[in-house]
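To start, the structure under review is shown below, and the notes come after it.
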Protein chains: 2
Amino acid sequence: MNIGEVAERSGIPPKTIRYYEDIGLVRPQRSENGYRAFRETDLHKLTFLGRARALGFSIEDCRTLLGLYEDESRESAQVKAVAEEHLSEIDSKIAQLQAMRQTLSHLVAACHGDDRPDCPILSDLSGAQAG
Amino acid sequence: MNIGEVAERSGIPPKTIRYYEDIGLVRPQRSENGYRAFRETDLHKLTFLGRARALGFSIEDCRTLLGLYEDESRESAQVKAVAEEHLSEIDSKIAQLQAMRQTLSHLVAACHGDDRPDCPILSDLSGAQAG
DNA sequence: CTTGAGCTTCCAGTGACTGGAACCCCTATA
DNA sequence: TATAGGGGTTCCAGTCACTGGAAGCTCAAG
């Protein structure tokens, strides 16, 4: 398979696939004309990567997960540890965003949003004490 | 004030303050020895930036907000529009993270996490249909 | 033979910093 | 007066995970 077909079937853009090769996540062979020649296993790996990335795993996590996937002597505890670590990072991010959301939505609600200049959003940012 | 004092009082690291000057968010004067000389208004701006960044506004949003803050003929509707736009981006991010969280927490719960190799997390990533 | 799609490499840019090197300035102390 | 240190300065490179673009090669169709 050429890169275009693999891109289509895996849902990962050609540019990204080349990048993944660059950083050693996939190692397609080469045809005589210099084109990358992907096998089914390469496609499989890329699909795996696509799903892992969609779950928010970092590239380094993906590398680890791919390694575990291909290691038949892995222990599922290793996989679970990576996933739990990532899950807790997701939880932190959600918490942080919800805190922002909380503050910001109050400010937005308090701003009358008309043609006058006074604005509780700017007041808050400038450090004024809430009344 | 030198950069160290401003950093301390605004809570923004010196490196970041220099970066903000680089991109034109603050324009401190210079002392004869070449040191940046910050006035109270500069400190004020940096504190404003710190709060806006803490609410997740992008640097470009911050630039806009600072501009509105200093523009006495602003309309609060302009500020509110920026904030609402940002709020909806926050909401999207939260939704995306929660979707990841949902999938991932199910997978983590399903993985026994022991010394055996079989693992529903890897099965899912590799594209197996859930049974 | 030309056209156009698809492939190749390499370089640069994204956002918002952050680390580090190499150097200057200022004050205090031996 | 020499020196040590803790400021400050600039500039360059790296982060993360791509993405865009330029220049050039390959291949199939008309």
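The values are calculated or read from the model by the stated rules, or taken from the named source; none is laboratory data. Everything quoted here is computed from the prediction, not taken from an experiment. Cβ coordinates were reconstructed from backbone atoms using ideal geometry, including for glycine residues, and neighbour counts include every protein chain displayed. Protein only, heavy atoms only, side chains kept; ligands, DNA and RNA dropped before computing areas. Shrake-Rupley method; radii C 1.70, N 1.55, O 1.52, S 1.80 Å.
Of the residues examined, residue B:18 is not one that is more than 14 Å from chain A (Cβ to nearest Cβ), more than 10 Å from DNA strand D (Cβ to nearest atom) and without any contact (Cβ under 8 Å) to a residue 40 or more places away in the chain. Identification of helices (runs of 4 or more DSSP H) wholly contained in region A:8-80 with 3 or more residues that are more than 16 Å from DNA strand C (Cβ to nearest atom), open to solvent by 40 Å² or more (accessible area, probe 1.4 Å) and not assigned by TED's automatic domain parsing to the domain that holds residue A:94 yields A:40-54, A:59-70. The lone criterion from (1) within 18 Å of residue A:102 (Cβ to Cβ); (2) hydrophobic (A, V, I, L, M, F, W, C); (3) more than 8 Å from chain A (Cβ to nearest Cβ) left unmet by residue B:52 is number (3).
Just to be sure, is residue A:127 in a loop (DSSP other than H, G, I, E, B), of a type in the set (Gly, Ala, Ser) and within 16 Å of DNA strand C (Cβ to nearest atom)? Against the criterion (in a loop (DSSP other than H, G, I, E, B), of a type in the set (Gly, Ala, Ser) and within 16 Å of DNA strand C (Cβ to nearest atom)), residue A:127 does not qualify. Among the residues of region A:112-125, is there at least one that is among the β-branched types (Val, Ile, Thr), more than 15 Å from residue B:70 (Cα to Cα) and facing chain B (nearest Cβ under 7 Å)? Among the residues of region A:112-125, not one is among the β-branched types (Val, Ile, Thr), more than 15 Å from residue B:70 (Cα to Cα) and facing chain B (nearest Cβ under 7 Å), which makes the answer no.
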